[in-house]
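Engineer: Handing you this structure, nothing more for now.
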Amino acid sequence: MYTISKPTGDYYKVKLKVGEIVEATLFGESTQMFGKIISIIKHTWNNNQEYIFLCFKWLKNLNEADTLLGCPIYQIQHLDNDSFNQIHPLSVVLQSSNIPFIHYCKSSCSFQQHDTTDYEYIRNDFFFKAI
Ligand SMILES: [Zn+2]
């Protein structure tokens, strides 16, 4: 659980964990993206203030839908280089994950383990929070 303070003095809390897919808005970007958190980095600056950074692998919407569920299919993007485009401050995440993604299992997945070489996920549009 992390608390993010805005320049205005307002703050909000997010709950994150490695492996989770979250919605993020990058600086200078108007569209929101989905990224899988692959690591959480804590850096202590000279002023003893702690800064949290997230390392992402971004998901690309394949503009396809599962034939049975009709849910959109996403694929984890693989960049040719490990650029810093993958590391962003915690503040790019506006809220705790509320859009669940599940592995788009193929026949190579077993009951015990997903096939880690398969990078496709489906966005579960049937998930909602009861009010
Ligand atoms: Zn699977």
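Engineer: Is it the case, given these coordinates, that Q86 is open to solvent by 60 Å² or more (accessible area, probe 1.4 Å), more than 16 Å from the ligand (Cβ to nearest atom) and under 20 Å from K17 (Cα atoms)?
Structural biologist: It is false that Q86 is open to solvent by 60 Å² or more (accessible area, probe 1.4 Å), more than 16 Å from the ligand (Cβ to nearest atom) and under 20 Å from K17 (Cα atoms).
Engineer: For segment 101-129, which residues satisfy the criterion of being of a type in the set (K, R) and open to solvent by 100 Å² or more (accessible area, probe 1.4 Å)?
Structural biologist: If the condition is that a residue be of a type in the set (K, R) and open to solvent by 100 Å² or more (accessible area, probe 1.4 Å), then K129 is the only one that fits.
Engineer: Hey, does segment 46-53 have a residue that's open to solvent by less than 80 Å² (accessible area, probe 1.4 Å) and part of a loop (DSSP other than H, G, I, E, B)?
Structural biologist: no
Engineer: Give the number of residues within segment 91-112 that are within 30 Å of K42 (Cα to Cα) and not β-branched (V, I, T).
Structural biologist: Looking only at that region, the number is 9.
Engineer: Moving on. Find all pairs meeting these conditions: Cβ atoms under 7 angstrom apart; at least six residues apart or on different chains; first residue within segment 92-106 and in a helix (DSSP H, G or I); second residue open to solvent by less than 50 Å² (accessible area, probe 1.4 Å) and more than 16 Å from the ligand (Cβ to nearest atom).
Structural biologist: V92/A24; V92/T25; V92/L26
Engineer: Given the conditions (1) within 16 Å of the ligand (Cβ to nearest atom); (2) at pLDDT below 90; (3) among the aromatic types (F, W, Y), and given that Y104 satisfies all but one, which numbered condition is not satisfied?
Structural biologist: Of everything listed in (1) within 16 Å of the ligand (Cβ to nearest atom); (2) at pLDDT below 90; (3) among the aromatic types (F, W, Y), Y104 misses just condition (2).
Every residue, every condition in (1) aliphatic (A, V, I, L, M); (2) touching an Asp or Glu at 6+ places or on another chain (Cβ under 9 Å); (3) at pLDDT 90 or above; (4) under 27 Å from M1 (Cβ atoms), yes or no:
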| residue | (1), (2), (3), (4) |
| --- | --- |
| T44 | no, yes, yes, yes |
| Q77 | no, no, no, no |
| N98 | no, yes, no, yes |
| I131 | yes, no, no, yes |
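Engineer: Which of (1) free of Cβ contacts under 8 Å to residues at least 12 places away in the same chain; (2) under 20 Å from Y2 (Cα atoms) is the odd one out, the single condition S110 does not satisfy?
Structural biologist: Every listed condition holds for S110 apart from (2).
The values are calculated or read from the model by the stated rules, or taken from the named source; none is laboratory data. Keep in mind it's a predicted model, so treat the numbers as computed, not measured. Glycine also receives a Cβ, built like all others from the backbone with ideal geometry; neighbour counts cover every protein chain displayed. Quick note on the areas: whole protein, heavy atoms, side chains included, nothing else; ligands and nucleic acids left out. Shrake-Rupley method; radii C 1.70, N 1.55, O 1.52, S 1.80 Å.
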